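Bear in mind that the values in this text are calculations on the coordinates, not laboratory data. Note that the structure is predicted; figures quoted are calculated from it, not measured. Quick reminder, even Gly has a Cβ in these numbers, built from the backbone with ideal geometry, and neighbours come from all protein chains shown.
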Amino acid sequence: LQTWQWGEARKQMGTEIMRFGVYENEQLNHCFLMTLHPISYTHWKVGYIPKSVIPSVEVIQEFTKIAADNKLIFVKWEPNALQNDQNAEQIHTLQQRVPLVESQHPLFPKWTMTLDLTPPEDQLMAGFKEKKIGRASCRER
């Protein structure tokens, strides 16, 4: 949800978007795609950044300025992060340095889960419970 194509698709659907890049030594290091959503009957908007990297303090501080300039009441950030000690520590450190509030209504799961699709199909199916295999067989027909 951070690809250029997804941003173009959202624009075609009429959603206002903003794109940002973080450069290190003149090299693009991270990209952020933020969609802007108006709040009815107000001049305020909400920013939404799904499935990005965990932002740095500097990135959050920059987005705070961008939010003020664009009448954003808040920016909802849902990083694409695996649940592990390193990411949990990084988020905890961020929360100590900038005013982050955990959303009570996330649009995506709190942590990203990935499935390695490189093993052969029989090996992948062996990891499923029998009930789930039945559903997959039904879908194949």
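Descriptive notes on the structure:
- Shape call, the stretch 1-115: gyration tensor on alpha carbons, a/c limit 1.5: rounded
- Other residues with beta-carbon under 15 Å from the beta-carbon of residue 18 carry, at +1 per Lys or Arg and -1 per Asp or Glu, a net charge of +3.
- The simple spin-label model puts a point 7 Å past each Cα toward its Cβ; for residue 64 and residue 104 those points are separated by 2.4 nm.
- Net charge contributed by nearby residues that have their C-beta within less than 14 Å of residue 61 (K/R +1, D/E -1): -1
- Rounded to the nearest 0.05, the FRET efficiency derived from the C-beta distance between residue 88 and residue 115 at R0 = 25 Å is 0.70.
- Taking Cβ atoms as reference points and 15 Å as the exclusive limit, the residues near residue 37 contribute a net charge of +3, counting Lys and Arg as +1 and Asp and Glu as -1.
- Highest average first, the peptides 66-78, 16-28, 47-59 ordered by how many other beta carbon atoms sit within 10 Å of their residues are 47-59, 66-78, 16-28.
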